[in-house]
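In what follows, a structure is listed as structure tokens, so that the remarks can point back to it.
Where a number appears in this text, it was derived from the coordinates with a stated rule and is not lab data. From a predicted model like this one, the values you see are computed outputs, not experimental measurements. Reconstructed Cβ throughout: ideal geometry from the backbone, glycine too, with neighbour counts over all protein chains shown.
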Amino acid sequence: MKPNKHSFTRVLKNNWFVLKYGLRYSRKYIIFTCLYACLQEIEIFIEHVILIKFVFDSVQYGTSFSTVALYIGLTILFIAICFVLDSIYYQSVEPKGKELLYQKIRMDLYEKAISTDLANYDDPVYYNDYVWSANDAHNRIDATINNIRTICKSVTVIITSVSFFLFVDKVGLLFVLVSFILTLIISMITNKIGYKMRMELNEKDRKRIYLKRLFYLADYAKELRMYSIKEKFFRNFSDTHKEMNGIVQKHSKKQFWLNFSSEYFFNELILSGLYVIYVVFMTLVKGTLSFGSAVTLLNSSWRLKGNLQYMTTLISQMQENSLYIEKLRSFLDKKNDLIEAEDSIPVPNKFVGLTLRDLTFQYSQSGPQILQNVNLSIKPGEKIAIVGYNGSGKTTLTKLIMRLYDASSGEIRLNGIPIDQLKLDDYRMKISSVFQDHQLFAATLSQNVVMNHAAAGDTYLIREALEKSGFGSKLQSLRLGTETSVTKEFDDAGIELSGGEAQKVAIARVFAKPTLLIILDEPSSALDPMSEYHLNQVMLEEAEDRPVIFISHRLSTTKMADRILMMENGQIIEQGSHEELMRIDGKYAQMFNLQASRYRVVVGTS
């Protein structure tokens, strides 16, 4: 895999992208960082260059003691002020500034994640970039600010040192420049190899992270103990480590020889050898340099050499940082295909009808069609069951109705209005839904029911919703009632609910939310058949004039529906009431009879 190549302009733009967060949300922190970095290097220059040269020259040329003492006293006072600023910066300015930036960039990431098309989660590359961005955002902030700090320090050192060389000995700059140029070339090559190695390791590390989850998450504990598949994963773990070791060995040999050439030939030999000989010659043989100048020139050459090395490292680090920031930017800059119309209109307050016309859908242009020419009209108060084997398109159809996806072709109209012309968030808020893979959050029971922080105080509404969903007896046993924390994520006194209890809490959301339409995707799969029957009965009664669309694999519950849609290969192949579909003796009847022969039907017979 070849690493991406960025032009110098792109490198600057990407690093500036992150720096803008600092200037926008914590400007004082960024400005203080830059100024203080410059001040630190000025202090070092005065203390280790100017002061040392002054003292040596004073001894050599007989400067008065009072003049030397005054100069040293002023230098000590300046250093004391720098120490005070040092404490203020590291104890107050930096921690506060960093935390504020972490918060802001993460909020932008979270807001982007919540607004991005659901279809993007089906794209492994995009999803991996999101996970990476969310985990690495604070590292990009740290890296960018550290780079800016290093730039300020290095520029200050270069300006002060070059000025000193020009004033005392211009020839010394040639030694430094030759070392700098050669080191820069080698450093850029080395860092590209390093980036390539990390990218290859990251690809392998995904396997290792998956294996890590297998052995520490409770989800897999039972299967790993009951079956011998664990041996496969032990082998996978060992093989992955061997592959990663091979990648490291392959790239580390190149890095070793490049680093050796850079450090020995282009740094030590030129600056630590040849330049020292030159300075000694000019001081002892030619006599054109004083002892103070000789000592400080050697100190300055080391200092300038070190900061030029920082600059070579910094350029490559900025280049590397840019490659990572590119991932972050590509995630944040990703445009949604599913968007709200510029002149969107409010959602009607009353349900008149929902119409699906020639609805077709596929997840990608090259992928198979999941839905094909689906036509459907739903009337107020109508209760519709959708049945079919796995992969028939049932859940996808409901996601299109909720506008979690947009149809590839065809349209959906609410009260005659195309749903893509309605305000997107308002439209979704007008639909109550319970998903088969519903999730509970680390929040109070009341917040998990109303799913709205502002409405979580309506205790009567919440209790009533939980009673209707069948959670009433469990609620009576909770000391804190609806204020009980769900999960122990942030509260040791929180409760861990069983699958059936969690499903009842999710179903209570339907009763607590006044909406135009109810969509249920296997809402009671974790309940026993009797509880499921009674729950569905209550749900259909409480829906009143709201239409209900529910997906169910237990066909005993579909007998309650006004109309049943039998789906196969993305099409509605049969529809009608239970009695009508049983009379035509088609696919639905075949499925119903197959279940009836295996399980006890809760109500009635076929």
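Sequence-distant or interchain residues sharing an amide H contact under 5 Å with Ile519, placed H: which?
Placed amide hydrogens put Ser432, Ser433, Val434, Ile549 under 5 Å from Ile519.
How high is the relative contact order of the chain, in percent, counting Cα pairs under 8 Å that sit 6 or more residues apart?
Relative contact order comes out at 14 percent.
Could you tell me how far the Cα centroid of the stretch 343-384 sits from the Cα centroid of the stretch 429-497, in Å?
Between the Cα centres of the stretch 429-497 and the stretch 343-384 lies a distance of 31 Å.
Report the relative contact order of the stretch 184-263, percent, no decimals, based on alpha-carbon pairs under 8 angstrom and at least 6 residues apart.
Computed value for the stretch 184-263: 56 percent relative contact order.
Looking at the chain, which longest stretch skips every one of the GluC sites (Glu not before Pro) that is in a DSSP loop with at most 12 other Cβ atoms within 10 Å, leaving the sites themselves out?
1-341
Please order Phe266, Phe237 by the number of other Cβ within 10 Å, starting at the fewest.
Phe237, Phe266
Taking the alpha-carbon centroid of each part, what is the distance from the stretch 135-181 to the stretch 12-79 in angstrom?
Here the two parts' Cα centres lie 14 Å apart.
Step through the residues of the stretch 334-347 one at a time and calculate ³J(HN,Hα) from phi using the Karplus curve (6.51 cos²θ - 1.76 cosθ + 1.60, θ = phi - 60°), rounding each to whole Hz and writing x for Gly and Pro.
4, 8, 7, 7, 8, 10, 8, 4, 4, 9, 4, 10, x, 7
Going by Cα centres, the stretch 239-287 and the stretch 184-210 are how many Å apart?
21
Are there any helices in the chain, counted as whole DSSP H runs, that stretch 24 Å or more along their axis by Cα and score at least 0.5 on average by Kyte-Doolittle, and if so which?
In the chain, the long hydrophobic H runs are 27-45, 65-88.
In a Debye calculation with equal point scatterers on the alpha-carbon sites of the stretch 1-168 and no solvent, what is log10 I(q)/I(0) at q = 0.17, 0.20 Å⁻¹?
Reported log10 I(q)/I(0), two decimals: -1.11, -1.31.
Over the stretch 1-168, what is the relative contact order in percent, taking alpha-carbon pairs closer than 8 angstrom and at least six residues apart?
Relative contact order comes out at 41 percent.
For the stretch 124-262, how big is Rg over Rh, using alpha carbon atoms and the Kirkwood form of Rh?
1.19
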